[in-house]
Amino acid sequence: MEKVLIIIPAFNEESNIGQLLDNIKKECPQFDIIVVNDCSKDNTSIVCKSRQINVIDLPVNLGIGGAVQTGYKYALNLGYDIAVQVDGDGQHNPIYIQKLVNKVEQGVDMCIGSRYIEKKGFQSTLARRIGIKYFSREIYLLSKQKITDPTSGARACNKAVIKYFANSYPKDYPEPETIIALKNRDFTISETPVIMNEREEGKSSITAMKSIYYMIKVTLAMIIASIAKKEK
Amino acid sequence: MNSVFQLILIISSILFMIFILNMIRNKNLELRHALTWLVTSFAIIIIAIFPQIIRSTAFLLHIIEPANALFLIILFFILLIVFTLTVTISKSANKINTLVQEIGLLKLTVEKLKNENRGGHY
């Protein structure tokens, strides 16, 4: 039996995370959960602790990359075989966690939950879809890997990838960049269809003002990741 | 160059260097990071004492106005300082990132140990 850890990065998610944790406990009670509370201003930590969930309270806000990486460090320290990342905002339906884990158990290094394979459920806004298509093309150009949903935060990975992520993980907007970084180190990546919900409450971390910076930063980060030195 | 202006430049650049050295002595500046400033202030002193350097540099680089050569040299030092600052900030940011993560992990471990101990007592 593989030891599986579910990593949930959360920043001001008190209104979503309780429901998410209850759903996870119902759908996959056999997996351990760690919530990384990225210095939330609200009661995120208390909501988790009242449900007997382990919470890492970061003393300073690190941003999504730093928070997720903390989860991978925790997974590495405690010797987990598989880590599954689930967003704290309730966008990812926990019924797909088992599916992602199965894929990794079958031998792929990382499996990404994609909402654009079956094109069901919440498909995001048109502008975002164009951005995602663009990243998808860039990833194909840089690594010859077809990824339909490069910004998806629903992903499972095995021990080797946990170790790599614990040592090196991008600070902001990490998802597309990590795909290139993994491919560059000969890890295998696959996708599996999932259905995502619209955010229940709160806003996405990417606002209109930041989107231009986001596009430029991620484009450059992927190019740099593809030519980066390969220390494994 | 006007000799009064030269005198002012020499005095102020020497004062600037003394100021930096004093900061290092009082541990307000880390020598490692103040090195670029020391080199810069030393270069300004040399230029103030031997303004011919500017003229010959201008001549060598085919710069018509010596003042432009002066700006070029100053810009070079400023870029050097700003760049070393960026490098230092990046390194510090990475270190802080790692430290914050370790503190978070440790806090959880301590909390768990505390709870275990409490359980053992009662």
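No value in this document is a laboratory result; all are computed from the given coordinates. Quick caveat: nothing in here was measured; it's all calculated off a predicted structure. Because the Cβ atoms are built from the backbone with ideal geometry, glycine has one as well, and the counts that use them run over all protein chains shown.
Observations on the structure shown:
- Counting Cβ atoms of other protein chains within 10 Å of each Cβ in B:92-104 and taking the mean gives 5.
- GNM result for chain B, Cα springs below 10 Å: residue of B:Ser13, B:Ser90, B:Ser41 fluctuating most strongly: B:Ser90
- Estimated at 0.36 nm per residue, the fully extended path between A:Lys217 and A:Ser15 surpasses their Cα-Cα distance by 69.7 nm.
- Among B:Arg55, B:Arg118, sorting on how many other beta-carbon atoms sit within 10 Å of each Cβ, with the fewest leading, yields B:Arg118, B:Arg55.
- Antiparallel bridge percentage (DSSP; both residues within chain A; nearest 5): 30
- Shape analysis of the stretch A:35-116 yields a ratio of the Cα radius of gyration to the Kirkwood radius, Rg/Rh, of 0.98.
- Sum of side-chain charges, B:Ile24 neighbourhood, beta-carbon under 15 Å (Lys, Arg +1; Asp, Glu -1): +2
- Straight Cα distances below 13 angstrom link B:Lys107 to the aspartates and glutamates A:Asp57, with same-chain residues fewer than 8 positions distant left out.
- A simple count of charges around A:Leu78, restricted to other residues whose Cβ falls under 9 Å of its Cβ and scoring Lys, Arg +1 and Asp, Glu -1, yields 0.
- Stretching the chain fully between A:Lys99 and A:Leu126 yields a gain of 6.9 nm (0.36 nm per residue, less the alpha carbon separation).
- Taking one quarter of the surface of the C-alpha convex hull of the stretch A:1-145 gives a mean projected area of 9.9 nm².
- For the residues A:Gln69, A:Gln19, A:Gln91, a GNM of chain A with alpha-carbon springs under 10 Å puts the largest fluctuation on A:Gln19.
- The protein assembly as shown, dipole about Cα centre (Lys/Arg Cβ +1, Asp/Glu Cβ -1), debye to the nearest 20: 540
- Centre-to-centre, using Cα atoms only, the stretch A:165-180 and the stretch A:109-144 are separated by 16 Å.
- Rg in Å to one decimal, and Dmax rounded to a whole Å, for the protein assembly as shown via C-alpha atoms: 26.9, 87
- Relative contact order %, chain A, counting alpha carbon pairs below 8 Å whose residues are six or more apart: 24
- For the protein assembly as shown, the residue among B:Ile54, A:Pro94, A:Leu21 whose Cα projects farthest onto the positive side of the dipole built from Cβ charges is B:Ile54.
- With contacts taken as Cα pairs under 8 Å and at least 6 residues apart, chain B reaches a relative contact order of 19 percent.
- Where Rh is the Kirkwood radius over Cα pairs, Rg/Rh for chain B: 1.36
- Restraint check, A:Lys49/A:Lys119; A:Lys3/A:Lys183; A:Lys99/A:Lys119; A:Lys26/A:Lys217; A:Lys103/A:Lys210, Cα-Cα greater than 29 Å: A:Lys49/A:Lys119; A:Lys26/A:Lys217; A:Lys103/A:Lys210
- Whole-angstrom gap from the stretch B:51-98 to the stretch A:28-90, using each part's C-alpha centre: 45
- Note that the stretch B:63-122 shows a convex hull volume over its alpha carbon atoms of 49 Å³ per residue.
- Most mobile of A:Thr207, A:Thr44, A:Thr219 in a GNM of chain A (Cα contacts under 10 Å): A:Thr207
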